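Take a look at the structure set out below.
The values are calculated or read from the model by the stated rules, or taken from the named source; none is laboratory data. Keep in mind it's a predicted model, so treat the numbers as computed, not measured. Note: ideal-geometry Cβ built from the backbone for every residue, glycine included; neighbour counts use all protein chains shown. What goes into the accessible areas is simple: the full protein's heavy atoms, side chains included, and nothing from ligands, DNA or RNA. Shrake-Rupley method; radii C 1.70, N 1.55, O 1.52, S 1.80 Å.
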Amino acid sequence: MAHLVMYRNGSVYSPTDPFATALLVEDGTVAWVGQEAAAESLLDERMEVVDLRGGLVAPAFFDSHVHLTELGASLEQLDLGSARSSADVLAAVRARAAAIPGGPVLGSGWDESGWDSPVLPTAAELSAAAGGAPVYLARADVHSALASGLLPAGDSAGLGSAHVTGERHAELRRRALDYDDATRRRYQRTALAQLASRGVAGVAEMAAPQISGAHDARQLLELLDADGADLPLVRLYWGELVASAEVARELADSFGPRFAGLGGDLNVDGSLGSRTAALTSDYADAPGERGTLMLSAEQIAQHVAACTEARVQAAFHVIGDEAARVLAEGLKTAMERAGAERVQGLRHRVEHAEMIDAEVLATLLEAGVTVSMQPGFDARWGDPGGLYEQRLGADRAGAMNQAGRLLSAGVPVCVGSDAPVLPIDPWGNVKACLELVDVASRISARAAFVAHTRAGYRAAGVEIPFAGQLVPGAAATFAVWSASELMVQTPDSRVAAWSTDARAGTPMLPAMDSAAPECLQTVRDGRILFEAAALRNAEHPSHAR
């Protein structure tokens, strides 16, 4: 017998009907979308009924850039996001060391760009605060860390400074985060549960040798093989450089059907916060420094050409303008070698792409590249006096994260969090797109929502009919939200900023200038991944007619 669930008495975000208040799910598929009078006539005793009580049903979010094990770990380990000084960091380390005597002190999230004084603690101070226990504290961008006590016995290199970058950081990170299998599985489950509780039903996992390693990626795939139907959909990227199609095919085959592409966190450069993003001119707060290029244009060209021949999507981490320039050079060479149409057909990706000029944009468009952006970066670091301005100066900082310019030019854009760099906050990402520092790059709430839903599936190569939409025949993958007000919102000050009238035929979204919507339920293919007590314990007929 078919399993039928009628969601009614709310709002449904669907192109089928901008006035829709009800949705019928049959065996994991959207069977009907419409208004209340029609819903009443369709009801029969076979149906389970969920009373939305004015809530919004909308396609669940797809997060286009996450690190699952790291996200799960960050939810259990020391969170230094609220630290405002070196003293705060040391106090937090001292408290954690007292709570877990003898154990390593692991944490993340510190960001000295918001401190009154950017002076970092020394290795000796960290060691003293931890009572001699090993310490590893990743910076917010995870491209550098504060560490002590992780060097082999007798190795005294760098005992003065606790701040580590580059290869030394990668080595200490491997030592510090060598979790056992049970811990890894717990972190991965915790992360996926967190995503579901925030209305996210699909993610692109950015695995790489320097982040969590192949064993971690394969453990994640084993978890999904066992329990994947009750978890958000996951597509895996593996950030390993290749120079031949044969190696690209071998790697793709080794990860199985959930594999999405070779890259993601295949780093062309580093991060602005750690001053490892590659710039064409000096850092404003560090004259003479221009960051680090980790790949050459030739390596990029070889990787893209090899992936194109193997029919595998390539993806690169790019932050700085010099890294973007080198990427564009590599893409041009790859198109010459593999053929422009073949390169375009693979829809290769660039992650972050925070500093894109007109010439690079033209190359991205020519190569058919999708840009995976994190607008939350702009909301966190783009304000006057913030990290962007500190590192780049006001002029360069004012032209970051150009989502609107990319979309207007025809470059596809998808949206993610880069969690745990930023928390899982999809509506916050939508709001950030409306408020980008570069006014000309702001986009509407609807465009941002599409970038955080439908575009994410497409960018990750997910072949599901109507993915990210609620129309008859689509998979019943959605989230239920409590929202105080719905409206059509645009960032353009030359026209009305919003409208509460759906007569134009545009489905409405939660007002971004009021309290953030609360996720009440997340559903994937008709299976409930998350349900809040507010919906679960509501007076029946919440789950009965």
Among (1) aliphatic (A, V, I, L, M); (2) in contact with a Lys or Arg (Cβ under 8 Å, 6 or more places away or on another chain); (3) open to solvent by 10 Å² or more (accessible area, probe 1.4 Å) - the single one residue 279 does not satisfy = (3)
Among the candidates 44, 27, single out the residue that is open to solvent by 30 Å² or more (accessible area, probe 1.4 Å) and at pLDDT 95 or above.
-> 27
Could you please find all residues in segment 519-528 being more than 19 Å from the chain's Cα centre (by Cα) and part of a strand (DSSP E or B)?
-> 520, 521, 523, 527, 528
Just wondering, is there one or more residues in segment 72-92 that are among the hydrophobic types (A, V, I, L, M, F, W, C) and more than 30 Å from the chain's Cα centre (by Cα)?
-> yes
Residue 296 vs (1) surrounded by 17 or more Cβ atoms within 10 Å (Cβ to Cβ); (2) modelled with pLDDT of 95 or more; (3) hydroxyl-bearing (Ser, Thr, Tyr): all pass except (1)
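Among the helices (runs of 4 or more DSSP H) contained in segment 340-457, which hold 1 or more residues that are under 23 Å from residue 323 (Cα atoms)?
On the way: elements: 340-345, 358-367, 375-381, 387-392, 394-397, 403-409, 426-434, 445-451.
The qualifying helices (runs of 4 or more DSSP H) are 340-345, 358-367, 375-381, 387-392, 394-397, 403-409.
Every residue, every condition in (1) touching a Lys or Arg at 6+ places or on another chain (Cβ under 9 Å); (2) among the hydrophobic types (A, V, I, L, M, F, W, C); (3) not in a loop (DSSP other than H, G, I, E, B), yes or no:
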position	(1), (2), (3)
15	no, no, no
30	no, yes, yes
45	yes, no, no
50	yes, yes, yes
Quick one: in segment 460-513, which of the residues that are modelled with pLDDT of 70 or more, in contact with a strand residue (DSSP E or B) (Cβ under 7 Å, 6 or more places away or on another chain) and of a type in the set (Phe, Trp, Tyr) is farthest from residue 4 (Cα to Cα)?
-> 481
Residue 210 meets each of (1) open to solvent by less than 20 Å² (accessible area, probe 1.4 Å); (2) modelled with pLDDT under 95; (3) of a type outside the set (A, V, I, L, M) with one exception, condition (1)
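Before we move on, is residue 202 at pLDDT below 95, in contact with a helix residue (DSSP H, G or I) (Cβ under 8 Å, 6 or more places away or on another chain) and at negative phi? I'd like the intermediate steps shown before the answer.
Details: at pLDDT below 95: no; in contact with a helix residue (DSSP H, G or I) (Cβ under 8 Å, 6 or more places away or on another chain): yes; at negative phi: yes.
So residue 202 fails the test.
Before we move on, is residue 217 free of Cβ contacts under 8 Å to residues at least 40 places away in the same chain, in contact with an Asp or Glu (Cβ under 6 Å, 6 or more places away or on another chain) and among the small types (Gly, Ala, Ser)?
It is false that residue 217 is free of Cβ contacts under 8 Å to residues at least 40 places away in the same chain, in contact with an Asp or Glu (Cβ under 6 Å, 6 or more places away or on another chain) and among the small types (Gly, Ala, Ser).
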The lone condition residue 148 fails out of (1) over 28 Å from the mean Cα position of the chain (by Cα); (2) of a type in the set (S, T, N, Q); (3) modelled with pLDDT of 95 or more is (3)
Filter segment 375-386 for residues that are of a type outside the set (Gly, Ala, Ser) and either surrounded by fewer than 22 Cβ atoms within 10 Å (Cβ to Cβ) or out of contact with any helix residue (DSSP H, G or I) (no Cβ under 7 Å at 6 or more places or on another chain) (or both) and give the result.
-> 377, 380, 383, 384
Residues being part of a strand (DSSP E or B) and of a type outside the set (A, V, I, L, M, F, W, C) - total across segment 289-336 = 2
Complete set of residues in segment 215-259 that are open to solvent by less than 20 Å² (accessible area, probe 1.4 Å) and of a type in the set (Ser, Thr, Tyr) = 237
Working only within segment 398-440, note down all residues that are of a type in the set (A, V, I, L, M, F, W, C), out of contact with any strand residue (DSSP E or B) (no Cβ under 8 Å at 6 or more places or on another chain) and free of Cβ contacts under 8 Å to residues at least 60 places away in the same chain.
-> 399, 400, 409, 422, 432, 437, 439, 440
Would you call residue 372 touching a residue at least 60 places away in the same chain (Cβ under 8 Å), open to solvent by less than 30 Å² (accessible area, probe 1.4 Å) and hydroxyl-bearing (Ser, Thr, Tyr)?
-> yes
Matching residues, segment 1-24, being in contact with a helix residue (DSSP H, G or I) (Cβ under 7 Å, 6 or more places away or on another chain) and open to solvent by less than 40 Å² (accessible area, probe 1.4 Å) = 6, 18, 21, 22, 24
Number of positions in segment 47-78 that are open to solvent by 30 Å² or more (accessible area, probe 1.4 Å) and within 30 Å of residue 508 (Cβ to Cβ) = 4
Among 419, 440, 445, 397, which is within 25 Å of residue 260 (Cβ to Cβ) and aliphatic (A, V, I, L, M)?
-> 419
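Would you say residue 166 is modelled with pLDDT under 90, in contact with a strand residue (DSSP E or B) (Cβ under 9 Å, 6 or more places away or on another chain), more than 29 Å from residue 523 (Cα to Cα) and not hydrophobic (A, V, I, L, M, F, W, C)?
So residue 166 fits the description; yes.
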